[in-house]
Amino acid sequence: MSARSAFPLSLLVRGICLLLVFAGIGVLLFRESDEADEGYSLKPEDLTQTSLSLHSEMPPAEGMNCRACHARIVAQWESSQHALANRLLKDSPLKPGVSRFGNVNTVIDDSLRVKQTRDDGFEFSSLPVSVIGVEPLVQALVETERGAWQVFNPAYHVHTNGWFNAFPEVRDPGEWGHWTGRAMNWNSRCAWCHMTEFKKGYDLETDSYESRWTAMGIACAQCHGNTVAHAANPDLEAAVRFDRITAQDNCISCHSRREFLTEEAFTSGDEVHDHFRIALLDQPGVYYADGQVLDENFEATSFLSSKMHDAGVTCFDCHNPHSGGLILPDQNNALCMSCHTAPGRMGAPPIQPTVHSHHEEFSAGNRCVECHMPHTEYMQSDLRRDHGFHSPDPLLTKELGIPNACSRCHTDQTVEWAITHAEKWYGEGLEPRRERTRVVAAAQAGESRQGKALLGLIASESNAVWRASLVSLLRPYLDEEGVANQLVTSLKDESELVRSMAVQGVALVPGLQGTLRSSRKDESRLVRLNALWNTLSRENVSAKEREELEGWLRVNEDDAVGLLNRAQAALRTGKPQEVPVWTERMLKRDNSAGPNLIAGQLLHAAGFPDQAKVKLERVVAIDPQNVEGWVVLGMFRGEQGDLPGAMDAFRRTVVADPEHGRAWYNLGLAQLQSGDRDAGLLSLGRAEALLEQSPDPSYAIATVYAQDGNPAKALEFLNRALERQPRHRPSLQLRMQLMSP
């Protein structure tokens, strides 16, 4: 990402961007907030309890229409988690109970009415109308104002028959993450994957929902399309059958962390990437650098990134699509050995479990899934297996803090003990993934000069998800040799995931945006939208393109990120006067530090400095340790001529993060501008030590000595700058001036 000066100093080459340029769309993930959500500020008198029938009458189970011809399949389906994903309260396992968490006491009485009281006297009472989930936990849905259904907390554990809090942190009413907040809204966050043929029905102007569906739970039509027409004419096989690869897109559409791209309904046979943007492996805090799951990601991206997927394995090689269960047991390795028994199915290497695992038969260490699909617990109870099929590597635990299955099981042993055994048994086989993981971790951490290593990985990477993730990580390294060429080459990759990431990178390279014209006609909506978004301010938009763009904007505008996209669209299309409207709406969804930081940057770029100042100062008021907030505020103050305020912000940054090289750099420049030469040189020296591969601090110091009339000292630092970046033009120019007669 290119950056610009915090201050109009001739010696400043590069600072930190004040305006964050979003090369892609929908890539920002707001964290769970501790701040007020004004969208659903519920009070007891605001709440309504209306009959479920006012929204839609649940029809007879769709399987009943199919049973005559498909009795066995219907019998498998009707007790599955899919069929029971959303149920009326009367069909749920909920029982009376009591929960105490933080300062909130919850009582569920014999009628299953929820009564909640807080220590400050607040009271809430409501009768849930339905539930989501089957096991291990079930969550109640409470209807609130404007057609919104909220996922109630606490949750019910079906194995202990007890109520518990599904989230470890205390979430108070008014917060984004509280059950009454936007984060827990069923209509936008849950329903599409828990209902059949769900339509959200959101209206922006009234901030209300008129949601509709054809059946609760996941019934036949959700995966098979028009079953009514098929029942009337059984010869319409095309409506209900499809190949395994096409069918798998149905699974991905729900079992992934993703964003909607269109209001058009995803139906059987559709290309999943025409409808959804799935989260990739490039985002720190979402996946570990080796691809293991970290945050709640579900299964699809992990599986698509695996060797199993590349070998031709599909969901249906392991799972019965109707019952959802495994087609063979995994306790005795029968499922895995169905491929890994000689001669090997789909190219799978034959394996003798006890020899391969070095553990006794019937032990946990001899179970394939315990090593290659370890559990991660979500919501304090829900154990989900990683579908990336990784090999445990304790060395990466020691180096990067990435978990490994050996240590998860052998909790009484040290990491060094696990490393010794892993190296002895599998050392050579682990090395290729180590190289990739180290590079990805460095790129995610923002370390400089990682472009060459990423290019090497891309050249040898056969998996599309990994290749797309690596291409995405190239964006901070555009000034390195070969990076821009690789991005242009990747525009023609066979995978739409790779092409979509390449579009985001090419959009940042000056002079190359014109190459995106062809991408705006790509066969994949995912790629087309990325290309259109990144050329909005430079190219004419056709009616068809505008319709596609509006569809994406509309389908996400009940969410804070969707409203952020609206604000950015206004800025990009020459309508800066609309930016304050959209940012205010965004902050009503999520008023925490992150959204305020982005709102401040957008308002500044749109020409509203006074409003920008309010938002940026709110960031550090909410979170005084917000390093990025202090940096951006310091740069803003500097651009507005408030030099003392800028220095104060940069000082607070380096106090909060003494290793923040760019903050030291900007602090040094501000101190020089204020006339404090010695302090400025000390700060720039600290920046030079921290920014080991950046020429900027050395060049800045050189300019000071040049102005002092000390060319020898200036040349010393110019040479240091050029050691770091031999083609650094400002340093070359200044050296030429100093060396000329």
Revision key, fill the gap. Of all chymotrypsin sites (Phe, Trp or Tyr not before Pro) in the stretch 289-371, the ones in DSSP coil with at most 12 other Cβ atoms within 10 Å are Phe362
Revision key, fill the gap. Relative contact order of the chain (C-alpha contacts under 8 Å, at least 6 apart) in percent is 12 percent
Check your understanding: So which trypsin sites (Lys or Arg not before Pro) in the stretch 103-195 pass both tests, a DSSP loop state and at most 16 other Cβ atoms within 10 Å of the Cβ?
Key -> Arg113
Revision key, fill the gap. Looks like the stretch 248-403, by Cα gyration tensor root eigenvalues a ≥ b ≥ c and the a/c under 1.5 rounded cutoff (else prolate when a/b is bigger than b/c, oblate otherwise), is oblate
Review point. Which helices of the chain meet both criteria: a Cα extent of 27 Å or more along the helical axis and a mean Kyte-Doolittle score no lower than -1.0, with helices taken as whole DSSP H segments?
Key: 415-444
Practice item. Estimate the FRET efficiency between Leu383 and Asp317 by the formula 1/(1 + (r/R0)^6), using the beta-carbon distance for r and 25 Å for R0, to the nearest 0.05. Key: 0.65
Review point. With point charges of +1 on the Cβ of Lys and Arg and -1 on the Cβ of Asp and Glu, referenced to the Cα centre of the chain, which listed residue (Met379, Trp630, Gly562) lies farthest in the positive direction of the dipole?
Key: Trp630
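Just to verify a number: FRET efficiency for Arg729 and His359, C-beta to C-beta distance, R0 = 56 Å, to 0.05?
Efficiency computed from Cβ-Cβ geometry: 0.40.
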Review point. Using the count of nearby Cβ atoms within 10 Å as a rough guide to exposure, how do Ser338, Ser448, Ser694 rank from fewest to most?
Key: Ser338, Ser448, Ser694
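So for Ile108, Ile73, Ile132, fewest C-beta neighbours within 10 Å to most, what's the order?
Ile73, Ile108, Ile132
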Study note, to complete from the structure: The size of the Cβ-based charge dipole (Lys, Arg +1; Asp, Glu -1) of the stretch 279-447 about the Cα centre, to the nearest 20 debye, is 300 debye
Study note, to complete from the structure: With label points set 7 Å from each Cα along the Cα-to-Cβ direction at Leu127 and Arg517, the distance between them in nm comes to 6.5 nm
Check your understanding: Can you pull out the trypsin sites (Lys or Arg not before Pro) in the stretch 246-294 that DSSP calls coil and that have at most 13 other Cβ atoms within 10 Å?
Key -> none
Point to revise | Mean separation of Cα contacts under 8 Å, 6 or more apart, over the residue count of the stretch 44-241: relative contact order % | key: 20 percent
Point to revise | Gap separating the Cα centres of the stretch 81-131 and the stretch 523-548, nearest whole Å | key: 46 Å
Review point. Taking the Cα centre of the chain as origin and charging only Cβ (+1 Lys, Arg; -1 Asp, Glu), how large is the dipole, in debye to the nearest 20?
Key: 1480 debye
Exercise for review: Match the structure shown to one of the listed values (1) 1.04; (2) 0.92; (3) 0.99 of Cα Rg over 2.2 N^0.38 Å, computed from it, and give that label.
Suggested key: (1)
Revision key, fill the gap. Exposure-ranked with fewest Cβ neighbours within 10 Å first, Phe124, Phe198 stand as Phe124, Phe198
Practice item. Tell me what the chain gives for mean residue ellipticity at 222 nm when only DSSP H runs of n ≥ 4 count, each as -39,500 (n - 2.57), the sum divided by the residue total, rounded to 500 deg cm²/dmol. Key: -12500 deg cm²/dmol
Exercise for review: At 0.36 nm per residue, minus the direct Cα-Cα distance, what do Leu294 and Thr411 gain on full extension? Give it in nm, one decimal, please.
Suggested key: 40.2 nm
Revision key, fill the gap. Sorting Leu281, His356, His390 by the position of each Cα along the dipole of the stretch 279-447 (Lys, Arg +1; Asp, Glu -1; all at Cβ), the one nearest the positive end of that ordering is His356
Practice item. Measure up Lys575/Lys615; Lys492/Lys544; Lys452/Lys615; Lys115/Lys615; Lys521/Lys575; Lys199/Lys521 against 30 Å on the Cα-Cα distance and list the ones that go over. Key: Lys452/Lys615; Lys115/Lys615
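Readers should treat all values here as calculations from the given coordinates under stated rules, not as data from a laboratory. These numbers were taken from a predicted model, which means no experiment stands behind them. For neighbour counting, all protein chains shown are included, and Cβ atoms are generated from backbone atoms with ideal geometry for every residue, glycine included.
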